[in-house]
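Asker: I have a structure here, written as structure tokens, and I will follow up with some questions on it.
The values are calculated or read from the model by the stated rules, or taken from the named source; none is laboratory data. Please read these numbers as outputs of a predicted model, since none were measured by experiment. Positions of Cβ are backbone-derived with ideal geometry, glycine not excepted, and every protein chain shown enters the neighbour counts. Note: areas computed on protein heavy atoms with side chains; ligands, DNA, RNA excluded. Shrake-Rupley method; radii C 1.70, N 1.55, O 1.52, S 1.80 Å.
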Amino acid sequence: MCTQISTVSFSLPQWISNYIKDITYIETTEDRMNYVIEASRLNISEKTGGPFAAAIFEKDTGKLISLGVNLVTTQGLSMLHAEMVAIALAQKKLGTYDLSADGLAEHELVISSEPCAMCLGAIPWSGIRRVITGANDADVRAIGFDEGAKATDWKQALEERNIEVITEVMREDAVKVLLDYASDDGHIYNSRKAY
């Protein structure tokens, strides 16, 4: 007889409450990226997941809507990439699956690294209007992560759907977090080592 669980949930690391408590607005793109990169660094030092973080902001005002970090290894769910966590939290907070619904401000996703194939697929369906990234795909793959079969023209594909894309913002700082994770023997949690 097959049994199935009826709910799936995840919990954010305790340190996130303190990290976000005094933040309402972050004005500049660089300051928003710096905030996200620092969250990715904390996720490593607190041993709560992989070296990735993402946040959703109101695009024009810089109001912080949600902060997500990678929780794959600590929560045991492969879908808990930082982007997926940030999107889910924003959708729950705003009460809609469509972050571009009528009456809402436009939202942006600020990510410490370019999205993998899974997260890239979720972006257009979430209603996000702008994506800002730090480290690039090659940087992430260089330390051993499998980013999936992602089209090389992914930026153009998003832009064709009226989603603005800005890449390599504070890239060196984002790459440093990745390299620190790798040098500290951080767990590279690909499901398969070879194809």
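Asker: So which aspartates and glutamates can K93 reach, going by Cα to Cα under 20 Å and dropping same-chain residues fewer than 8 places off?
Answerer: D22, E58, D60, E83, D102, E106, E108
Asker: At q = 0.09, 0.12, 0.13 Å⁻¹, what is the base-10 log of I(q)/I(0) for the chain according to the Debye formula with one equal point scatterer per Cα and no solvent? Please give it to two decimals.
Answerer: -0.30, -0.55, -0.64
Asker: Here is a further query. Could you give the length gained by full extension between K176 and E38, i.e. 0.36 nm per residue of separation minus their alpha carbon distance, to one decimal place?
Answerer: Full extension of this stretch gives 48.6 nm more.
Asker: Work out Dmax and Rg for region 1-113 from the C-alpha atoms and quote the Rg first, both in angstrom.
Answerer: According to the Cα coordinates of region 1-113, Rg and Dmax are 14.6, 55 Å.
Asker: Along Cα→Cβ, 7 Å out, is where each label goes; now give me the distance between the ones at W15 and K47 in nm to one decimal.
Answerer: A separation of 1.1 nm, rounded to one decimal place.
Asker: Run the numbers for M79 and N190: contour at 0.36 nm per residue of separation, minus the present Cα-Cα distance, in nm.
Answerer: Net length gain for the segment: 38.7 nm.
Asker: Sticking with this structure for a sec: Between region 19-38 and region 43-100, what is the C-alpha centre distance in whole Å?
Answerer: Result: 14 Å between the Cα centres.
Asker: While we're looking at this one, here's another question. Give the longest segment of the chain that steers clear of trypsin sites (Lys or Arg not before Pro) in DSSP loops with at most 11 neighbouring Cβ atoms within 10 Å, not counting the sites themselves.
Answerer: 48-160
Asker: What distance in nm separates the simple spin-label points at Q4 and R141, each placed 7 Å from Cα in the Cβ direction?
Answerer: Once both label points are built, they end up 3.6 nm from each other.
Asker: For the chain, with all protein chains present and a 1.4 Å probe, just round the carbon and sulfur fraction of the accessible area to a whole percent.
Answerer: 49 percent
Asker: With the other protein chains left in place, how much accessible area per residue, in square angstrom, belongs to the chain at a 1.4 angstrom probe?
Answerer: 53 Å²
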